[in-house]
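The values are calculated or read from the model by the stated rules, or taken from the named source; none is laboratory data. Since the model is a prediction, treat every value here as computed from it, not as a measurement. Glycine also receives a Cβ, built like all others from the backbone with ideal geometry; neighbour counts cover every protein chain displayed. Surface areas here come from the heavy atoms of the whole protein model, side chains and all, with no ligands, DNA or RNA. Shrake-Rupley method; radii C 1.70, N 1.55, O 1.52, S 1.80 Å.
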Amino acid sequence: MKTIFGLLLISVFLLMGTVTNANNFNIKVNTNVNNKNLVDVWNNDFSQKAFFNEKNNTTYLTIYNQQNELVAEHLIPRATKLKNITWSANNKYLTFTENDRNLWVYTIEHNASKLIENNLIDIQENKFSVQWSPNSEWIQYLSHVNSRNKAKLYSLKRHRSFILPINSSQISSINWQGYDNKLIINSSFMEPEKPEQMIIYGIKLVLQADSQVARLH
């Protein structure tokens, strides 16, 4: 049987996000938040906390430090059902979801947010299952726009999303490993003694037999 990479790696598609002005391998927190219940979501070293705050019918993403001093406040116009704050490993970025359809990334330094995934289909809930790379240069998440290739990568340097060239039905789990941008893809279609690997945009993809690390669904 031909290899999965050989069958499916035809090309890697680039998807541009939409920018709004203003702005893990170990996921520290993935907490549901709404406008009326302010839940603090702390970063990895507990030096800063983020939450959504509503003032005058307008929602803000608000960040405070340990001393309860305001670090950043970002206006999110016409936003609804904001939740799922997830910090990057270096504590410089975070992601959040909007209305269970849209995935945003926020940069603290520039007080700017960017839409990196927009799902126009009205379904009950999209689980993006965000995983930051250990060096905070990449976001691995699940897309709900394309049912064949759900696994995607967003590059903080290139400001683009990349589709992983693996059929979603052949992926059991995905997880980052180490600090050298290694992404482990576990598949029940692989033989234990024959793992495959390739390098794509500086990321080493390792396809191996299913080890059930973190389920896609």
Worksheet entry | Filter result for residue 92 (charged (D, E, K, R), modelled with pLDDT of 95 or more and within 14 Å of residue 132 (Cβ to Cβ)) | yes
Worksheet entry | Any chance residue 135 is buried (at least 16 other Cβ atoms within 10 Å of the Cβ), modelled with pLDDT of 85 or more and assigned to a loop (DSSP other than H, G, I, E, B) | yes
Worksheet item: In this structure, is residue 90 within 25 Å of residue 205 (Cβ to Cβ) and either assigned to a loop (DSSP other than H, G, I, E, B) or open to solvent by less than 60 Å² (accessible area, probe 1.4 Å) (or both)?
Response: yes
Worksheet item: What number of residues in the stretch 169-178 are open to solvent by 20 Å² or more (accessible area, probe 1.4 Å) and under 17 Å from the mean Cα position of the chain (by Cα)?
Response: 2
Worksheet item: Quick check, is residue 114 among the charged types (D, E, K, R) and either open to solvent by 60 Å² or more (accessible area, probe 1.4 Å) or at pLDDT below 75 (or both)?
Response: no
